[in-house]
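Peer 1: My questions will all concern the structure given below.
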Amino acid sequence: MKKVLMGNHAVAYGVLLAKVEVISAYPITPQTTIVEKLSDLCAKGKLNARLIDVESEHSAMAGCIGASAAGVRTFTATSSQGLALMHELLHWAAGARLPIVMANVNRAMGPPWNIWTDQNDSLSQRDTGWMQFYCESNQEVLDTMIQAFKISERVLLPSMILLDGFFLSHTSEPVDIPDQEKVDSYLPEYKPTYKLDVKFPLSFGNLTDENYYYELRYKMQEAMEKAKNIAKEVDAEFLSTFGRGYGVVESYKCDNADLILVTSGTISSTTRVVIDKLRDKGKKIGMLKIKMFRPFPIEDVRMALENAKKVAVIDRNISFGNGGIFSQEVKSAMYNIGNHIPIFGYIAGLGGRDVTPMVIEDIIDFTMKHDRPKDDIHWVGLKI
């Protein structure tokens with residue numbers, strides 16, 4: 001079945017198809033319509049889930065932690081300051097190895113107040129132990145929601161699905177909604193080995209010392225490493241079942257490219273258009289779209305970029321005092337392979353500023369004209 005859905009409703013339909021049993025959430029722009037739609041689906045009896053209305057995002061995550069520990073499939077959604085308020089409990093959810101899935105609609109952090117998109121909210125949480133998946137289209141949002149539950153439940157780590165505020169969240173696109181029977185076959189009921197149960201009492205999240213804590217963190221990292229291949233397996237199975245697949249990264253016209261642009265989110269769509277136009281003019285340019293950011297797919301990035309003459313990373317985020325966060329990760333991944341490809345880092349689109357085809361072309365033009373980066377950060381389109 002096809003429906004014209006905005007990105008937030010694509011999230012909600014993904015949750016519906018995954019047969020989530022508990023939704024714990026608090027509204028915040030531009031996420032609110034996710035929870036509103038889920039509330040409507042519950043009220044109409046289409047989704048048999050307990051929807052918990054709470055007084056803050058901190059409590060929303062606390063509700064998810066309790067529900068997931070009790071052994072049910074659990075979901076929440078948030079954005080920006082709301083995600084920041086969850087920070088303490090994001091560590092708890094990951095450390096407790098709970099397969100919670102959350103949609104975060106990427107929105108700039110204040111002050112000054114800004115409800116439009118950039119990625120600093122989610123990337124500020126990159127070290128909490130949550131897997132992160134950045135989506136380009138509303139179809140990818142729905143499909144990734146379903147995949148995320150399967151990945152999380154196999155590796156016992158929570159997942160964060162990221163979509164650009166307004167560019168996806170409030171923009172409508174045709175979306176194919178899979179049949180429930182097919183989804184049930186692909187994503188079976190969640191049956192945890194360990195859960196809170198008064199009939200079989202166990203201790204969860206208790207005090208531990210250096211004799212065990214260190215190894216528990218090793219096991220979290222081990223699970224993250226396993227998640228790379230499991231995500232590929234889950235995506236390949238999705239492709240086989242539903243005819244759509246995304247990979248953990250996507251190489252677009254990279255095979256003979258002299259310059260490869262590294263992108264994420266909706267900037268990837270604009271970049272495709274520019275690449276097609278310039279390819280018709282004989283310019284060897286490709287794109288590497290990074291979908292999975294945590295765990296970072298180091299080997300896949302290396303394989304895609306190792307034969308390029310130059311790399312330009314477009315970041316809709318910044319780590320203040322350093323530079324673009326995707327740029328940092330790409331440089332780290334490429335450092336030890338020995339060929340030291342020049343990697344240009346660009347900051348663009350913060351606070352929802354549009355990254356147009358002209359902006360992409362300016363980035364390409366600057367990169368092609370310079371042998372090496374002039375600075376560690378190149379700000380695109382500044383008005384000062």
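Peer 1: Regarding the range 134-175, what whole-number volume in Å³ per residue does the convex hull of its Cα atoms give?
Peer 2: Here the figure is 55 Å³ per residue.
Peer 1: List, in the order given, every pair from LYS195/LYS291; LYS2/LYS232; LYS44/LYS291; LYS284/LYS310; LYS150/LYS226; LYS2/LYS191 whose Cα-Cα distance in the structure shown is over 22 Å.
Peer 2: Over 22 Å apart, Cα to Cα: LYS195/LYS291; LYS2/LYS232; LYS44/LYS291; LYS2/LYS191.
Peer 1: How about the range 188-224: which chymotrypsin sites (Phe, Trp or Tyr not before Pro) there lie in a loop by DSSP and see at most 15 other Cβ atoms within 10 Å?
Peer 2: Those satisfying the criteria are TYR194, PHE204, TYR212.
Peer 1: Any of LYS3/LYS383; LYS277/LYS374; LYS281/LYS374; LYS228/LYS383 with alpha carbons more than 31 Å apart? Name them for me.
Peer 2: From the list (LYS3/LYS383; LYS277/LYS374; LYS281/LYS374; LYS228/LYS383), the Cα-Cα distance tops 31 Å for LYS3/LYS383; LYS228/LYS383.
Peer 1: Which translational diffusion coefficient, to the nearest whole µm²/s, is obtained for the range 86-216 from the Stokes-Einstein equation, given a Kirkwood hydrodynamic radius over C-alpha pairs, 20 °C and 1.002 mPa s?
Peer 2: In µm²/s, the coefficient is 126.
Peer 1: Counting other C-beta atoms within 10 Å, which of TRP92, TRP130 has the fewest, and how do the rest follow?
Peer 2: TRP92, TRP130
Peer 1: Considering every pair of different Cα atoms, what Kirkwood radius, in Å, is found for the range 177-326?
Peer 2: 19.1
Peer 1: Loop only by DSSP, 12 or fewer other Cβ within 10 Å of the Cβ. Give me the chymotrypsin sites (Phe, Trp or Tyr not before Pro) in the range 236-341 that pass, ordered by residue number.
Peer 2: Here the sparse-neighbourhood loop sites are PHE320.
Peer 1: Evaluate the relative contact order of the chain (contact order divided by residue number), counting alpha-carbon pairs under 8 angstrom at least 6 apart; express in whole percent.
Peer 2: Relative contact order of the chain: 16 percent.
Peer 1: A further question follows. Exposed loop sites here are GluC sites (Glu not before Pro) in DSSP loop states with at most 13 other C-beta atoms within 10 Å. What is the longest stretch of the chain lacking them?
Peer 2: With a cap of 13 other Cβ atoms within 10 Å, the longest stretch comes to 56-188.
Peer 1: Here's a follow-up. Neighbour counts of other C-beta atoms within 10 Å: give me SER56, SER137, SER264 arranged from fewest to most.
Peer 2: Going from least to most buried by this count: SER56, SER137, SER264.
Peer 1: Relative to the Cα centre, what is the charge dipole magnitude of the range 249-379, using +1 at the beta carbon of each Lys and Arg, -1 at the beta carbon of each Asp and Glu, and rounding to the nearest 20 debye?
Peer 2: In total the dipole reaches around 140 debye.
Peer 1: Among bridges DSSP assigns within the chain, what percent are antiparallel (round to 5)?
Peer 2: 25
Peer 1: Give me the one-decimal nm value for the distance between modelled label points at GLU222 and GLU237, 7 Å along each residue's Cα-to-Cβ direction.
Peer 2: About 2.2 nm, to one decimal.
Peer 1: In addition: At 222 nm, what helix-only mean residue ellipticity would the chain give, in deg cm²/dmol to the nearest 500, using -39500 (n - 2.57) for each DSSP H run of four or more?
Peer 2: -12500 deg cm²/dmol
Peer 1: While we're here: Could you put HIS170, HIS340 in order, starting from the residue whose Cβ has the fewest other Cβ atoms within 10 Å?
Peer 2: HIS340, HIS170
Peer 1: With the Cα gyration tensor of the range 93-155 in hand, convert its eigenvalues to equivalent ellipsoid semi-axes via √(5λ) and list them largest first in whole Å.
Peer 2: Largest first, the range 93-155 gives 23, 17, 7 Å.
Peer 1: With a ≥ b ≥ c taken as the square roots of the eigenvalues of the C-alpha gyration tensor of the range 337-384, please select rounded if a/c is under 1.5 and otherwise prolate if a/b is larger than b/c or oblate if it is not?
Peer 2: prolate
Peer 1: Among ASN317, THR367, VAL273, which residue has its Cα positioned farthest towards the positive end of the charge dipole of the range 249-379, with +1 placed on the Cβ of Lys and Arg, -1 on the Cβ of Asp and Glu, and the dipole taken about the Cα centre?
Peer 2: Farthest along the dipole direction, towards plus: VAL273.
Peer 1: Starting from the Cα gyration tensor of the range 139-232, take the square roots of the eigenvalues, sort them a ≥ b ≥ c, and report rounded, prolate or oblate (rounded when a/c is under 1.5, otherwise prolate if a/b is larger than b/c, else oblate).
Peer 2: prolate
Peer 1: Please say if the range 286-384 is rounded, prolate or oblate, where rounded means a/c under 1.5 for a ≥ b ≥ c the square roots of the C-alpha gyration tensor eigenvalues, and otherwise the choice is prolate for a/b larger than b/c and oblate otherwise?
Peer 2: The shape class here is prolate.
Peer 1: Here's something else I'd like to know. If the only charges are +1 at each Lys and Arg Cβ and -1 at each Asp and Glu Cβ, what is the size of the charge dipole of the chain around the Cα centre, to the nearest 20 debye?
Peer 2: The calculation lands at about 480 debye.
Peer 1: When DSSP assigns beta bridges and you keep just the ones with both residues in the range 249-379, what percent turn out antiparallel, to the nearest 5?
Peer 2: Beta bridges within the range 249-379, antiparallel portion: roughly 25 percent.
Values quoted throughout were computed directly from the atomic coordinates according to the rules given, and no laboratory measurement underlies them. For clarity, every value in this text was computed on a predicted model and none was experimentally measured. Here the Cβ is made from the backbone with ideal geometry for all residues, glycine too, and neighbour counts use every protein chain on show.
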